[in-house]
1. Based on what the data block shows, is A167 within 37 Å of the chain's Cα centre (by Cα), assigned to a helix (DSSP H, G or I) and in the same structural domain as A120 (by TED's automatic domain parsing)?
2. With Y268, Y208 as the choices, which residue is at pLDDT below 90 and either among the hydroxyl-bearing types (S, T, Y) or within 18 Å of M319 (Cα to Cα) (or both)?
3. Do we find that G51 is surrounded by fewer than 17 Cβ atoms within 10 Å (Cβ to Cβ), under 20 Å from the mean Cα position of the chain (by Cα) and either aromatic (F, W, Y) or not assigned by TED's automatic domain parsing to the domain that holds R256 (or both) in this structure?
4. Cβ-Cβ under 9 Å, sequence separation 6+ or interchain: first residue in region 182-193 and assigned by TED's automatic domain parsing to the domain that holds Q96, partner among the aliphatic types (A, V, I, L, M) and not in a helix (DSSP H, G or I). Which pairs?
5. Could you identify the single residue in A184, A198 that is over 21 Å from I58 (Cα atoms) and within 17 Å of the chain's Cα centre (by Cα)?
6. Given the options E92, E62, E102, E57, name the one that is at pLDDT below 90, among the acidic types (D, E) and not assigned by TED's automatic domain parsing to the domain that holds D266.
7. Take the residues of region 78-108 that are in contact with an Asp or Glu (Cβ under 8 Å, 6 or more places away or on another chain) and over 18 Å from Q187 (Cα atoms): which is surrounded by the most Cβ atoms within 10 Å (Cβ to Cβ)?
8. Taking the conditions exactly as written (over 12 Å from I325 (Cβ atoms) and at pLDDT 90 or above), does L252 satisfy them or not?
Amino acid sequence: MKKGLFALLAIVVIVAGIYFWLQQPGDSDNSNRLALYGNIDIREAQLAFNGSEHIAEILVQEGDRVAKGQLLARLHTELLEAQLAEAEAAVEAQRQVVARLEAGSRPEEIRKAEAELQAAEAQAKAAHDSYRRVARLLEKKLASPQDEEQARSQADAAAAQVKAVQATLALLKAGARKEDIAAARAQLAAREAALKQARQHLSDASLYAPADGIIRNRILEPGDMAFPQTPVLTLAFLDPVWVRAYLPEPMLGRVRLGATAWITTDSYPDKRYQGWVGYVSPTAEFTPKTVQTPELRTRLVYSVRIFACNPDGELRLGMPVSVDIELDQADAGTQPQPCGS
């Protein structure tokens, strides 16, 4: 009876020891290593046109790999091209106005005004001479007062015409006013801004990849109406990816930013991916339900991201992985170079 009780107690002690030993964070074979478990996460971008028009064509399919700057889709551009042509014509017309004002009057215009002045002066002299003759005839009572008055009016009109032509000639020689030139230049700047805007609208009718990645979703199709608020494609950035895991509070002082980490997966069990600790949350949270250890469910943990380059695309969104980190790394604290650098 006593032997059975002692055997039962021994079994309970052994099981309890194994249980608490398994709950300790880190690698069971090496207290200087930490094992974390998480899932692969990636960044995504919802790509949309910066304009409103019907989609003309989409050049990629779901799952296609794309490179930065690659053309992905286009809108109908007939209206935008017409608006661009109109803006270009308006700019050219205003440039000619500015050039005319800055150049001033042509020599031919000045010579014409000078000739008109000479003709006006000749007419004024003839009218004045005619008035003097009529005035002398009036003294001799050989002309009526009405004739003298008419001759004087014609002489005055001819003299005024001379002054008008002189003023016109002076304006031609002086050229345009600086205020007029400044106003014309301002109008040209406004039309050049409108031209730049028209070009930008036409450029916005093409959708380009902002970075290397994979098309995850093709949301709209040719013929759909595109708006800036409506995504057309979802682009997944696959390099780098990161592991979203949770770091126990006792390990905070032993895992630093930049620490080297090794990632393994069930899909490629014989392959390890080198990564680095890129982010540790400044705030604590309760262990998520995905961590199934009963003891850890009541602990506070810190969200951590372990980044890794993924040039072959083997690390996929949601993939469960294991992370092995050597604690107290002396060279930790410096961020590795970005992937592809």
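1. For A167, the condition - within 37 Å of the chain's Cα centre (by Cα), assigned to a helix (DSSP H, G or I) and in the same structural domain as A120 (by TED's automatic domain parsing) - is not met.
2. Answer to the check: Y268.
3. Against the criterion (surrounded by fewer than 17 Cβ atoms within 10 Å (Cβ to Cβ), under 20 Å from the mean Cα position of the chain (by Cα) and either aromatic (F, W, Y) or not assigned by TED's automatic domain parsing to the domain that holds R256 (or both)), G51 does not qualify.
4. Cβ pairs passing all conditions: A184/A176.
5. Being over 21 Å from I58 (Cα atoms) and within 17 Å of the chain's Cα centre (by Cα) holds for just one of A184, A198, which is A198.
6. Exactly one of E92, E62, E102, E57 is at pLDDT below 90, among the acidic types (D, E) and not assigned by TED's automatic domain parsing to the domain that holds D266, namely E102.
7. Selected residue: L80.
8. no
The values are calculated or read from the model by the stated rules, or taken from the named source; none is laboratory data. Here the structure is a predicted model, which is why all the values come from computation and not from measurement. In this analysis, Cβ positions are derived from the backbone assuming ideal geometry, glycine residues included, and neighbour counts consider all displayed protein chains.
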